[in-house]
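One structure is given here, and the rest of the page talks about it.
The values are calculated or read from the model by the stated rules, or taken from the named source; none is laboratory data. Nothing here was measured: the structure is a model prediction, and the numbers come from that model. Positions of Cβ are backbone-derived with ideal geometry, glycine not excepted, and every protein chain shown enters the neighbour counts. In case anyone asks, the SASA skips ligands and DNA or RNA and just uses the protein heavy atoms, side chains included. Shrake-Rupley method; radii C 1.70, N 1.55, O 1.52, S 1.80 Å.
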Amino acid sequence: MKSPVSGYLLTAVGGLLVVIGLIWGAVVGFYPSDLPLLLGLLVVGGILAYIGQRQTTAFKRAEAERRIAERNAGRD
């Protein structure tokens, strides 16, 4: 990965879907026929947020390892 932007974007979109689902389910209310759509919204949002968070963490870890390798190469 060259940039953490995709991870941040996925996390933001997933978080937004979860917030929309929570507001719809808890504040606005829903009919029983809307339940599959509401649950799908929450699940997909949660999965996207999780994947985005994992991508961001992987990028940060790779960057730290790269900096450590560069620092150690300079000592030789």
For the chain, with every protein chain kept in place, what is the accessible area per residue (1.4 Å probe, Å²)? 74 Å²
According to the square roots a ≥ b ≥ c of the eigenvalues of the Cα gyration tensor, what is the shape class of the chain, taking rounded for a/c under 1.5, prolate for a/b larger than b/c otherwise, and oblate for the remainder? prolate
So what's the angle, to the nearest 10 degrees on a 0 to 90 scale, between helix 35-75 and the longest Cα principal axis of the chain? 10 degrees
The distance between the Cα centres of the stretch 15-41 and the stretch 45-64, in whole Å, is 25 Å
Of Leu17, Leu48, Leu38, which is the most mobile in a GNM of the chain whose springs link Cα atoms less than 10 angstrom apart? Leu38
Over the chain, with a Gaussian network built from C-alpha contacts below 10 Å, which listed residue (Ala58, Ala26, Ala12) shows the highest mean-square fluctuation? Ala26
Using the alpha-carbon atoms, what tilt in degrees (0 to 90, nearest 10) does helix 5-22 show relative to the longest principal axis of the chain? 20 degrees
Okay, helix-only estimate at 222 nm for the chain: each DSSP H run of n ≥ 4 adds -39500 (n - 2.57), divide by all residues, round to 500 deg cm²/dmol; what do you get? -28000 deg cm²/dmol
Leaving out ligands, DNA and RNA, what percent of the accessible area of the stretch 15-56 is carbon and sulfur, probe 1.4 Å? 79 percent
With unit charges on the beta carbons (Lys and Arg positive, Asp and Glu negative) and the dipole taken about the Cα centre of the chain, which residue among Gly46, Leu22, Ile68 sits farthest to the positive side? Ile68
Would you check the accessible area of Phe30, probe 1.4 Å, heavy atoms only, in square angstrom rounded to 10? 90 Å²
About the Cα centre of the chain, how large is the charge dipole given +1 on each Lys and Arg Cβ and -1 on each Asp and Glu Cβ? Please answer in debye to the nearest 20. 380 debye
